[in-house]
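In what follows, a single structure is set out as structure tokens and then discussed.
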Amino acid sequence: MADVQKAWMYKEYGNSQEVLKLEQIDVPEIKPHEVLVKVHAAGLNPADFKRGYGFIKSLDSPLPHVPGFDVAGVVVKVGSQVSKFKKGDEVYGDVNGDFVVERPNQYAGSLAQYTAVAEKLLALKPKNLSFVEAASLPIAILTAQEGLDRAEFQKGQSLLVTGGAGGVGSLVIQLAKEVYGASVVAATASTKKLEFLKSIGADVAIDYTKVNYDELPEKYDVVYDSIGDYPKSVKVVKDGGKVIEIAAFEVDPPAFSIRLVVRGENLEKLTPYIESGKVKPILDPKAPYTFSDVLEAFAYLETGRATGKVVIALIE
């Protein structure tokens, strides 16, 4: 294995089209509790371009950064204290943990040929998924899971999801129906995405271009707001219900915002549902992008028009 690799990197904050460059850098050294992963695919999230703009710089590691959180690949080296994985294992996960407790990796993002990842952040890749499909899941499915858990969502309850066609929203719909046993799931999207919502399990598809969902008579036990639509989201929750906010942070009860704490064991809990086909990764029709088309992928992600997840593959 070479000591040098190709990686995307930005040395200053700003628009990805201006500051993100393909560089030659050292393959990261692993710590005792880490594994080195040969990256086969990397999923992109809004957090990737927001980090690049410096929105989390107060919590971030020093520049320069190799971006990319979601990864799927093969373990090529294990640290001395690693017991869960061995060389050759196919794994996936989010390469960063809790921003508030520990700063994100500086050089070991997933938009590289190799990345160093803490053992606790990874899980074995579900056997039925390709690397591209697996790389689309970690942050989105963990965010969906944590929000529903924090809301103490129960079997038989009703749920409204804003932004149901997005990376997180599309997984909230599936988890609510297939894992948590929701009685009714409603979701918002644009006109052309309504049939997609129904295809992944939504009982009610609301066209936000034609209807103000907060003016409809229906109320829900839980509202999962994936687009930062507070305080409109609060208007459709039942008395005593809860509103999960993942893109708005200055909120009042019954709304609450969540901070994702990444753990591979939480991905493992969902493996049976993924391998059975009850929960499916949703890839945007434009995915996967090649490693050389990362700037195009970032530009598309920033439009907010993706259906499901944007993924980079063929990292060579």
Residue satisfying all of: in segment 111-139; open to solvent by less than 10 Å² (accessible area, probe 1.4 Å) and under 13 Å from the mean Cα position of the chain (by Cα); nearest to Glu23 (Cα to Cα) among these: Ala135
Filter result for Lys86 (farther than 29 Å from Ile246 by Cβ, open to solvent by 10 Å² or more (accessible area, probe 1.4 Å), part of a loop (DSSP other than H, G, I, E, B) and without any contact (Cβ under 8 Å) to a residue 40 or more places away in the chain): yes
Test: residue in segment 186-196 that is in a loop (DSSP other than H, G, I, E, B), hydroxyl-bearing (Ser, Thr, Tyr) and surrounded by fewer than 20 Cβ atoms within 10 Å (Cβ to Cβ): yes
Of the criteria (1) surrounded by 14 or more Cβ atoms within 10 Å (Cβ to Cβ); (2) at pLDDT below 95; (3) of a type outside the set (A, V, I, L, M, F, W, C), which one Thr303 fails: (1)
Total residues in segment 140-174, condition in a strand (DSSP E or B) and either open to solvent by less than 10 Å² (accessible area, probe 1.4 Å) or touching a helix residue (DSSP H, G or I) at 6+ places or on another chain (Cβ under 8 Å) (or both): 4
Only one of Ser58, Ser83 that is at pLDDT 95 or above, among the polar types (S, T, N, Q) and farther than 20 Å from Thr290 by Cα: Ser83
Residue in segment 249-258 that is touching a helix residue (DSSP H, G or I) at 6+ places or on another chain (Cβ under 6 Å), closer than 18 Å to Arg150 by Cα, open to solvent by less than 50 Å² (accessible area, probe 1.4 Å) and modelled with pLDDT under 95 present: yes
Check on Thr209, open to solvent by 30 Å² or more (accessible area, probe 1.4 Å), touching a helix residue (DSSP H, G or I) at 6+ places or on another chain (Cβ under 6 Å) and among the polar types (S, T, N, Q): yes
Within segment 89-105, considering residues that are farther than 16 Å from Glu265 by Cβ, among the charged types (D, E, K, R) and surrounded by 14 or more Cβ atoms within 10 Å (Cβ to Cβ), the one modelled with the highest pLDDT: Glu90
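Within segment 3-57, which residues are in a helix (DSSP H, G or I) and either under 21 Å from the mean Cα position of the chain (by Cα) or crowded, with 22+ Cβ neighbours inside 10 Å (or both)?
Answer for segment 3-57, where residues must be in a helix (DSSP H, G or I) and either under 21 Å from the mean Cα position of the chain (by Cα) or crowded, with 22+ Cβ neighbours inside 10 Å (or both): Ser16, Pro46, Ala47, Asp48, Phe49, Lys50, Arg51, Gly52.
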Residue in segment 270-283 that is touching a strand residue (DSSP E or B) at 6+ places or on another chain (Cβ under 7 Å), of a type in the set (A, V, I, L, M, F, W, C) and under 22 Å from Gly14 (Cα atoms) present: no
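The values are calculated or read from the model by the stated rules, or taken from the named source; none is laboratory data. Model, not experiment: these values are computed from the prediction. When we count neighbours, we look across all protein chains shown, and the Cβ atoms used for this are built from the backbone with ideal geometry, even at glycine. Keep in mind that these areas ignore ligands, DNA and RNA; they rest on the heavy atoms of the full protein, side chains included. Shrake-Rupley method; radii C 1.70, N 1.55, O 1.52, S 1.80 Å.
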